[in-house]
Amino acid sequence: MTTLLDVRNVSKRFAMGGVFGRRSVDAVLDASFSLHTETPEIFTIIGESGSGKTTLARMILGLEDPSAGEILFRGQRIDRRAPRAERLEFMANVQPVFQNPFEAFNPLKQIERYLESTARRFLGTGDRAVIDRAMDEALQKVGLSLKEVRGRFPHEMSGGQLQRCAIARALIPNPPLLITDEPVSMVDASLRMSIVNLLKTLRDELKVSVIYITHDLATAYYISNRLIIMQRGRIVEMGDARTVLDRPEHPYSQLLKASVLSTDDAGAGKLDTDPAMAERAVATTGQAGRLVERDDGRSVRVYEEG
Ligand SMILES: Nc1ncnc2c1ncn2[C@@H]1O[C@H](COP(=O)(O)OP(=O)(O)OP(=O)(O)O)[C@@H](O)[C@H]1O
């Protein structure tokens, strides 16, 4: 199998504070996983706020350098300081979709201007007809068309439609990999599933791999092939999404699953998570341990012989 993306023992430490009282934050600690070209998949990164998801994504996008380890895309090290042509080629292959489509688009600029500048940049042409065709094709892939979008400003669209436009923009260079950071959390609940289903279609029909960053276990369960669960910078559990989420093994994964509010529990007034479970999860925070592979293919971080 050919490796599309190889994250090898990657860590990121941020220095904080001034000359006095210098502190550091280990946003990501020794993360490793890989995606393969032949098996496009939705690979999910789950974790609570501050667990290091966005930092990991930013390193994969080449926006942040790892403090240790390396990330390879198609065997080439991702390098922020690579020559411009190399950077552009990488950027065409690994495209981001951010959380808030209303922030991604300037309210005073027509949406098609964004699509147009992306097309000009990555297709290397100023030919109107070619650009229009590329924009329309990308919009069709997300269930829209250039006719529907032409002349419209961001506020004239719903959050769901605008997120579709952001995804269309990302698809213009035909990337094999999309990095989507909480792509549905700012979209109205009623429109969320249509975006989630769109990611599925991109995987199944266009063979695009998607790194899906979320703290929503329900959508993760629904669309992911594999996932990693991160706790304070460390991967604590990794494997097939259903295997892990049906029976999470790490205390933090168990706590995440138990914290999902079910209507049955809410109806019965049971809104607290089991304090013993929360205590077990807290006890593992910040501990190194080691990842151990289980018979069912998942890896779990253990702290004693496991
Ligand atoms: N540029 C930075 N400088 C200093 N610390 C940072 C920086 N970026 C992230 N951090 C810290 O690294 C840790 C991980 O942050 P990160 O944003 O990656 O987490 P996250 O899981 O994506 O959280 P969220 O879901 O809230 O976006 C946090 O403690 C954060 O404060």
Quiz item: Before we move on, is Arg232 over 10 Å from Val97 (Cα atoms), surrounded by fewer than 23 Cβ atoms within 10 Å (Cβ to Cβ) and within 14 Å of the ligand (Cβ to nearest atom)?
Solution: yes
Practice problem: Could you pull out the residue among Gly47, Gly52 that is in contact with a Gly (Cβ under 6 Å, 6 or more places away or on another chain) and within 15 Å of the ligand (Cβ to nearest atom)? | Solution: Gly52
Self-check item: Subset of segment 52-76 [within 20 Å of the chain's Cα centre (by Cα) and open to solvent by 60 Å² or more (accessible area, probe 1.4 Å)]
Solution: Thr54, Arg58, Leu63, Arg74
Quiz prompt | Any helices (runs of 4 or more DSSP H) falling wholly within segment 140-243 and containing at least 1 residues that are within 23 Å of Leu291 (Cβ to Cβ) | solution = 217-223
Self-check item: Single match in Val97, Val149, Val142, Val130 (criterion: touching a residue at least 60 places away in the same chain (Cβ under 8 Å) and among the hydrophobic types (A, V, I, L, M, F, W, C))
Solution: Val97
Exercise. Return yes when Ser24 is closer than 13 Å to Glu182 by Cα, surrounded by fewer than 22 Cβ atoms within 10 Å (Cβ to Cβ) and within 15 Å of the ligand (Cβ to nearest atom) and no when it is not.
Key: no
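The values are calculated or read from the model by the stated rules, or taken from the named source; none is laboratory data. Predicted model only: the values in this text are computed from it and were never measured. Positions of Cβ are backbone-derived with ideal geometry, glycine not excepted, and every protein chain shown enters the neighbour counts. Areas reflect the complete protein model, heavy atoms only, side chains present, ligands, DNA and RNA absent. Shrake-Rupley method; radii C 1.70, N 1.55, O 1.52, S 1.80 Å.
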